[in-house]
1. Do you know which residues across segment 60-87 are part of a strand (DSSP E or B) and within 23 Å of the chain's Cα centre (by Cα)?
2. Among the candidates 379, 367, which residue alone is open to solvent by 20 Å² or more (accessible area, probe 1.4 Å), modelled with pLDDT of 95 or more and at negative phi?
3. Restricting attention to segment 116-156, report how many residues are in contact with an Asp or Glu (Cβ under 7 Å, 6 or more places away or on another chain) and modelled with pLDDT under 95.
4. Looking for something more than 30 Å from residue 325 (Cα to Cα) and open to solvent by less than 10 Å² (accessible area, probe 1.4 Å) - is there at least one such residue anywhere in segment 172-187?
5. Please tell me if residue 34 is open to solvent by less than 30 Å² (accessible area, probe 1.4 Å), polar (S, T, N, Q) and not in a loop (DSSP other than H, G, I, E, B).
6. Take the residues of segment 129-171 that are open to solvent by less than 10 Å² (accessible area, probe 1.4 Å) and part of a strand (DSSP E or B): which is farthest from residue 26 (Cα to Cα)?
7. Being surrounded by fewer than 16 Cβ atoms within 10 Å (Cβ to Cβ), modelled with pLDDT under 95 and over 20 Å from residue 343 (Cα atoms), is that true of even one residue in segment 240-250?
8. Tell me the residue from 29, 41 that is outside any strand (DSSP E or B), farther than 22 Å from residue 142 by Cβ and open to solvent by 20 Å² or more (accessible area, probe 1.4 Å), please.
Amino acid sequence: MSWKDYLTLHQAAHLEDFRTFLSIPSISAQPAHQDDVRRAALWLAARFKQAGFLQAEVLPTAGHPVVLAEYCPYPDKPTVLFYGHYDVQPADNPERWNSPPFEPTVVDGRIVARGASDMKGQVMAFLLAAESLIANGALELNVKALIEGEEEISSPSLPAFIEQNKERLRCDMIINGDSGQLSESTPLLGLGVRGICALEFDLVGPSHDLHSGTWGGGLQNPLHAMAELVASLHNPDGSVAVEGFYDDVEPLSPELRAWYKKIPWDEEAELKKLGLQEFYGEEGYSHWERTTGRPTLEVNGMWGGYTGPGGMTVIPSTAHAKITCRLVPHQNPEKIVMLVKAHLEKHLPRGVRLQVRTKEAGAFAFRMSADHPGCVAAREVLTELYGVPPVETMFGGSVPILGTLKQMLGHDPVSFGFGLEDELIHSPNEFFRLSSFEKGKQGYAMLLGRLAQ
């Protein structure tokens with residue numbers, strides 16, 4: 001029996017295993033689900049053992065545990081390390097879900113559940129691909145799997161874990177499964193991700209909310225001040241107004257800009273899908289350049305005052321905002337945070353006080369060569385699997401741990417995953433196409449076979 005026949009024969013059982021995995025609410029951000037996170041780790045380790053991995057352990061960190069699985073019977077053959085995560089985003093707003101988020105439901109060729117696409121589907125596809133090869137004696141290289149439980153909260157405990165377990169994690173190549181394809185018919189080869197830094201800040205006015213009739217016009221309204229301060233962060237041309245923000249940014253070369261033009265982009269179709277009339281961004285750059293090759297600053301939330309039904313005539317005592325910056329190579333997350341903080345202090349409206357908190361440690365941008373052996377193998381597999389060569393680009397999002405993996409283990413992680421952009425990750429009704437699940441299993445099996453040659 002070939003590995004392909006094995007996957008076909010066990011297709012129904014594998015889908016049930018996937019549903020079981022999805023039913024565990026492994027929400028790393030919420031302390032109430034700490035036991036569920038550990039339960040998911042224990043289930044996954046047991047499933048790796050069932051798949052034929054020689055070792056599979058749940059190992060502690062300062063936070064949520066890591067699953068480390070190993071199939072390493074060949075002393076003289078290369079070792080591939082697969083990275084993924086088993087934790088998921090919260091599933092708030094249950095009224096917006098068409099079915100309970102942790103009761104996986106198959107509808108129209110899609111499995112709907114929190115974590116289906118991001119990224120339990122990818123983890124299961126890799127595990128089952130390895131299982132199919134092990135069952136047929138066809139896994140001819142060493143494989144390790146590092147599956148963490150804190151990616152959705154920026155992996156705070158993983159760097160220390162990697163540092164403490166460098167020898168066990170030693171490898172010759174890294175595969176990052178936290179990735180995706182361009183569409184159901186067009187593969188994507190990701191060559192990098194942007195970095196990230198974040199902060200949040202408050203504007204503090206009076207000691208308590210005040211009656212707007214009695215006090216209106218006589219003191220600064222923190223919400224008015226917040227609107228003014230946030231507006232100061234960008235120039236009219238869409239560029240970031242923070243002094244020094246672009247100091248370390250290399251201009252896009254003519255070669256890179258020509259490369260960007262090859263990426264397929266149907267602007268009208270995308271506008272319709274998003275319900276927009278037009279796109280907006282830094283002048284002088286295309287959409288793909290803006291979203292993957294240029295740094296950005298985005299306000300992720302602003303709030304304060306009365307937002308309930310009806311009216312309440314108050315001047316609020318405080319206003320709040322959250323900001324993230326996506327970074328390109330050579331930008332330092334800590335430096336950018338300090339520059340943004342300095343801008344806020346310099347442009348602070350009169351009559352309010354500023355309080356700034358760094359939201360997370362941040363991460364550097366990551367890029368790799370298209371000629372990397374792992375990229376060459378991934379390109380060949382994707383071309384065979386989809387019938388067309390992959391579109392090659394950088395991702396606009398951030399996977400903070402990629403830079404850490406490269407720095408600590410000495411290898412560029414090759415992104416190879418099967419999620420699609422429209423699968424509502426981090427949103428109600430997240431789903432994973434069953435066709436992508438099948439392609440993922442086949443793709444990982446083909447990649448492992450190619451890397452063993």
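1. Quick first cut of segment 60-87, residues part of a strand (DSSP E or B) only: 66-71, 79-85.
Answer for segment 60-87, where residues must be part of a strand (DSSP E or B) and within 23 Å of the chain's Cα centre (by Cα): 66, 67, 68, 69, 80, 81, 82, 83, 84, 85.
2. Numbers: 367 fails: modelled with pLDDT of 95 or more.
Only one candidate passes the filter, namely 379.
3. 5
4. no
5. Working: open to solvent by less than 30 Å² (accessible area, probe 1.4 Å): no; polar (S, T, N, Q): yes; not in a loop (DSSP other than H, G, I, E, B): yes.
Criteria not met by residue 34.
6. Taking the candidates together, the pick is 142.
7. Checked segment 240-250: at least one residue is surrounded by fewer than 16 Cβ atoms within 10 Å (Cβ to Cβ), modelled with pLDDT under 95 and over 20 Å from residue 343 (Cα atoms).
8. Values: 41 fails: open to solvent by 20 Å² or more (accessible area, probe 1.4 Å).
One residue alone meets the criteria, 29.
The values are calculated or read from the model by the stated rules, or taken from the named source; none is laboratory data. Here the structure is a predicted model, which is why all the values come from computation and not from measurement. Note that each Cβ is placed from the backbone with ideal geometry, even for glycine, and that neighbours are counted across all protein chains shown. Side chains included, ligands, DNA and RNA excluded: accessible areas come from the protein's heavy atoms. Shrake-Rupley method; radii C 1.70, N 1.55, O 1.52, S 1.80 Å.
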